[in-house]
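A short reminder: the numbers here are calculations on the coordinates, not readings from a lab. Being a predicted model, the structure only gives us computed values, none of them experimental. Cβ atoms come from the backbone with ideal geometry, glycine included; neighbour counts cover every protein chain shown.
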Amino acid sequence: MTISIFPDPFEQARTTDGVSTIDDQNDPVTMVMGLKDVRKCAHNWKSFQSGGEEVGRIVVPSEAAIRDVRQIPFEVDPPEHGGFRKLVEPWFKRPLEADYQEKLKVIIDELVEEAIKQPKIEVVEEFALKLQSRALTLLLNTPFEESEVWIGWGTHVFRSKDTDLDGDKANLLYDYIDKEIEKAIANPNDNFYSVLLASEVNGKKLTKEEIKGVISLTFAGGRDTVINAVTNTIAYFSEHPESLQRLHDEPEITTKAVEELVRYFSPLTHMGRVVTEDTAVCEHAVKADSRISLCWASANRDAKAFENPDEVVLDRKLNPHVGFGFSTHNCLGATHARQILAILIGSLSSKLSSIDAFENEENIEDWQQFQRKVGFHSLNVAFNAK
Ligand code: EMZ
């Protein structure tokens with residue numbers, strides 16, 4: 001068994017120091033490692049802010065060099081954050097509706113059926129990217145065909161094969177969003193653009209720049225993360241046919257299984273914050289205007305909080321993971337992501353007897369002293385129908 005194992009490179013640093021500093025474009029980041037500390041820092045938005053002057057700097061690697069559109073509500077702090085979050089929250093809870101779930105099931109079932117017909121498929125490009133893009137048409141409430149354009153952008157909107165910071169790609173996204181906003185102004189309908197255009201926050205209409213900020217987050221935030229979660233889930237089932245069977249026999253554990261897979265894979269390794277005052281994290285001094293990062297992936301393997309942290313326990317009882325972040329900025333797309341995974345599990349477990357895995361290329365993030373497997377660049381599999 002190899003491909004379904006996601007090692008925890010942070011264990012030693014977490015248990016000895018609790019923090020570890022890496023460099024990112026000559027702008028160091030102190031990674032916070034333990035669950036308790038990560039939660040504490042995530043909660044403390046006054047000392048560790050998301051909405052600093054330099055847009056894109058809280059992302060690690062920093063995107064400050066390639067973008068100046070502030071992602072909303074992700075890069076806004078309280079109290080301003082609250083108004084934006086309140087506005088978009090009900091929209092992002094739509095995946096709880098039966099009608100939404102049925103449409104999502106049609107999208108996912110069709111992809112699984114298609115894959116069954118092929119002798120082999122490459123999961124990242126031919127399955128996960130398509131699934132993520134097609135599902136996004138439901139979240140934005142746009143025509144299904146629009147997903148073809150987004151599929152053409154590849155797995156990340158700011159990164160390409162050669163570089164982690166692709167400014168041309170960012171501009172492609174921004175031009176696209178600008179055009180869509182203009183279209184919605186000319187022809188208002190019931191998509192997310194129109195809803196935002198008709199909305200007010202704190203008694204004021206949203207500006208085009210703010211709308212672009214919300215939409216760009218919707219495109220960027222849930223892309224590689226969802227693709228990783230979907231691909232890794234398939235890798236997991238390829239080496240655990242008994243789990244596929246169990247989820248078929250006990251569908252009532254699906255919700256727990258989704259949380260556990262998100263904990264184990266932690267599709268987003270970490271997210272940064274800018275320090276607003278000289279302070280300390282785990283007795284380690286951090287200076288004002290430096291950066292820390294909340295290492296979700298490390299926190300999710302913290303043995304102080306999780307029994308057998310390196311094992312996938314599908315029906316894990318206590319699972320206070322931070323795979324979707326924590327506190328003020330917890331993941332807005334989590335409801336949508338959870339539905340994608342739950343429906344995917346249902347579809348795979350009802351249609352497949354097993355999955356065979358072939359050649360793959362792992363996606364190993366390089367954080368200097370830490371090398372972390374976060375997913376795959378490619379993964380070839382065969383879906384074996386029941
Ligand atoms: C940002 C981030 C949000 C960032 C939940 O994370 O996701 C990253 O993939 C993007 O590059 O811009 O949206």
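Things worth noting here:
- Cα-Cα separations in segment 1-95 greater than 19 Å, expressed as whole percent: 59
- Taken as Cα centroids, segment 104-138 and segment 322-380 sit 14 Å apart, rounded to the nearest whole angstrom.
- Using θ = phi - 60° and Karplus 6.51 cos²θ - 1.76 cosθ + 1.60, couplings along segment 291-306 (whole Hz; Gly, Pro as x): 10, 10, 10, 9, 8, 4, 5, 6, 4, 6, 10, 5, 5, 6, 10, 10
- Annotation: amide H-H contacts under 5 Å for Met31 (H modelled 1.01 Å from N, sequence separation of 5 or more, or interchain): Ser20, Thr21, Ile22, Ser293.
- The lysines whose alpha-carbon is closer than 17 Å to the alpha-carbon of Lys287, local same-chain residues fewer than 8 away aside, are Lys46.
- Neighbour counts of other Cβ atoms within 10 Å put Tyr193, Tyr174 in the fewest-to-most order Tyr174, Tyr193.
- Partner lysines for Lys304 [C-alpha distance under 17 Å; skip if fewer than 8 residues away on the same chain]: Lys36, Lys40, Lys317
- Hull volume per residue, based on the alpha-carbon atoms of the chain and their convex hull, is 132 Å³.
- Filter on Lys161/Lys212; Lys256/Lys386; Lys86/Lys183; Lys120/Lys373; Lys169/Lys212; Lys179/Lys373 - keep pairs with C-alpha separation over 27 Å: Lys179/Lys373
- Taking all Cα pairs closer than 8 Å and separated by 6 or more residues, the relative contact order of the chain comes to 27 percent.
- Considering segment 145-290, its Cα convex hull presents a mean projected area of 14.6 nm².
- Orientation-averaged projected area, Cα convex hull of segment 294-353 (nm²): 5.3
- Ranked packing of 29-41, 117-129, most packed first, by mean Cβ within 10 Å: 29-41, 117-129
- Ranked list, fewest to most other Cβ atoms within 10 Å of each Cβ, for Leu140, Leu318, Leu131: Leu318, Leu140, Leu131
- The phi-based Karplus calculation (6.51 cos²θ - 1.76 cosθ + 1.60; θ = phi - 60°) puts the 3J(HN,Hα) values of segment 13-20 at 4, 5, 7, 8, 9, x, 9, 7 Hz, whole numbers, x for Gly and Pro.
- When the convex hull of its Cα atoms is viewed from all sides, segment 257-344 shows a mean projected area of 6.5 nm².
- Taking amide H as placed 1.01 Å from N in the peptide plane, the amide H of Gly375 sits under 5 Å from that of Asn363, each at least 5 places away or on another chain.
- Over the Cα atoms of segment 240-386, the radius of gyration divided by the Kirkwood radius equals 1.03; this is the Rg/Rh ratio.
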